[in-house]
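Could you have a look at this structure, given as structure tokens, before my questions?
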Amino acid sequence: MHEPAPACKPSLASAPVPVIVRATVKPFENIGNLLYAKPWSGVLRFCAFTVLAVVIWKLQSKAIQDAIVWIAFLVALWRAKTGIQVWKNAAGRAVSVVFLYMAATIPFGAYPGLALNDLAGMSDDFAAVFAISILFNNHRRVESALFYSASAFTFILGYDLIRMAYHLRGELFRKAHFFEPFILNHSNVAAMVAGAGACIMAYFAWKWRGNRSRLIFALVGLGIDLAYLVIVQSRGPQMAFAGAVVLTGLFFLRDWRRKVIWAVAAGLLGAIGFFSLNPRFQDNNMRGMTGRDKVWMHTWHLAKERPLMGYGYGKDTFHKVFHDKATNPPDSQFDFKHGHQYWLFNFFQHGWIGLALIASAWLLVFLRLWRRMARAGADIAERMLPAAVFFVLVFIHLYGLGDWPDNLAQLMLWWLIPVALVITRDERAGV
């Protein structure tokens, strides 16, 4: 009798795709498990995840950030079978349609090559949207992601305040807005991050009101973020923040009398506070919104020439079309790279069809958050997390009425979509 041939151990190259994915992500899962073992708990875990959040938010377009995002995407892909339900609702499907529309209409744009290049450049951000929905698929994980992000924001902005105070000294309030190099792409972007961080820290201050050490940390973070928002003197973020406070309170409070009192009080305090603390509201550039009136008018005229499907995705396409001498661009000291208004720029890129799809998707996301708050009834604890996410999304959208939420503001806008879908999901109904 012949001895049976020993079974050959399959090589990684011949393994099915799921096995390859598992082999790729398993070491990183083990590293994550170590952080929850007893020797690594508490302070070390906080430091590790905060540093990770700093890398993700600060080191945009760097290899290390790309590696983290794509590893997260592979892990999410491995777990997608059990986590994809987050998207199986009207809002999730509407958002998916928007992403598909953006990709499908590239060949019909004015410059398909530029649009494709821009969209490909954002592929890691789209991958992160998917990964967030799968990996942070419950309230506890969402809270962790928000907390470590807000902690990263606070440390980055706290460092920037120290840096600016050292260099500017007595002229901090007068020159902080224009001080370069910017810590986060631009002072407006940093101010938007400060506003979002302040909201998240306020949420955790409320959540940890019974834990003295954690409460102090959250309140200090809240103070740093608000101080940055005031000192950097970015008018758009300040007005958007005040408006978000008013609108979130109106949706959060249940009694109409409290709604009226809240709206009046918050509106007055916001107006008095920001307008008195920010002299930039009084300068001559306010008349033309720092040249935005010119870009708005020209973008509107251009968009009307391709109203159905627009010119195509991306700032490169916009820049080429807008500054083409054949379109008679307006004279300005600024080199406009986008439409400086969320809805107008989307109309330019995607036409009425795309604009309608985007508006529908956002309406459904906001409705889910509002319904989640309404279902909680008098249970404030159940309403606080959706209210915090609602606030940041309103904050960014209000800012988008006067500017294009670019860079980290755009990332927050996209990445909060899966967060909103997760925290509004009815576990019992599965939607």
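Just so you know, all these numbers are worked out from the coordinates, no wet-lab data involved. Just so we're clear, the structure is a prediction, and the values are computed from it rather than from any experiment. Every residue, glycine as well, gets a Cβ built from its backbone with ideal geometry; the counts of neighbours run over all protein chains shown.
Got a sec? Which residues in the stretch 197-237 would a label at Ile162 touch, if it sits 7 Å along Cα→Cβ and we count backbone N under 18 Å?
The answer is 217-218, 220-229.
Report the paramagnetic label zone for Leu308: residues of the stretch 104-119 whose backbone N is under 15 Å from a point 7 Å from Cα along the Cα-to-Cβ axis.
105-110
Residue by residue, what Karplus-based ³J(HN,Hα) values in Hz, rounded to whole numbers, does the stretch 294-305 have, using 6.51, -1.76 and 1.60 with θ = phi - 60° and x for Gly and Pro?
Rounded to whole hertz, the list is 6, 5, 4, 5, 5, 4, 4, 5, 5, 4, 5, 7.
List every residue whose amide H lies under 5 Å from the amide H of Gly314, counting only residues 5 or more places away in sequence or on a different chain, with H placed 1.01 Å from N in the peptide plane.
none
Further question on the same structure: Out of residues 5 or more away from Gln233 or on other chains, whose amide H comes under 5 Å of its own, with H placed 1.01 Å from N in the peptide plane?
The list, which skips near neighbours in sequence, is empty: none.
Starting from the amide H of His340, placed 1.01 Å from N in the peptide plane, find each other amide H under 5 Å away whose residue is 5 or more places distant or on another chain.
The answer is Trp404.
Jot down the radius of gyration and Dmax of the stretch 85-423, Cα atoms only, both in angstrom.
Cα-based Rg and Dmax for the stretch 85-423 come out at 20.4, 64 Å.
Which whole-Hz couplings ³J(HN,Hα) result when phi for each residue of the stretch 114-123 is put into the Karplus expression 6.51 cos²θ - 1.76 cosθ + 1.60, θ = phi - 60°, listed in order with x for Gly and Pro?
Using θ = phi - 60°, the values come out as 5, 5, 5, 5, 5, 5, 5, x, 9, 4 Hz.
Separate question: From the backbone phi of the stretch 153-167, what are the Karplus-calculated ³J(HN,Hα) couplings (6.51 cos²θ - 1.76 cosθ + 1.60, θ = phi - 60°) in whole Hz, Gly and Pro given as x?
Whole-Hz 3J(HN,Hα) from phi for the stretch 153-167: 4, 5, 5, 5, 6, x, 4, 5, 4, 5, 4, 5, 4, 5, 7.
Sticking with this one: How about the stretch 61-132: which trypsin sites (Lys or Arg not before Pro) there are in a DSSP loop, with at most 13 other Cβ atoms within 10 Å of their Cβ?
Those satisfying the criteria are Lys62, Lys88.
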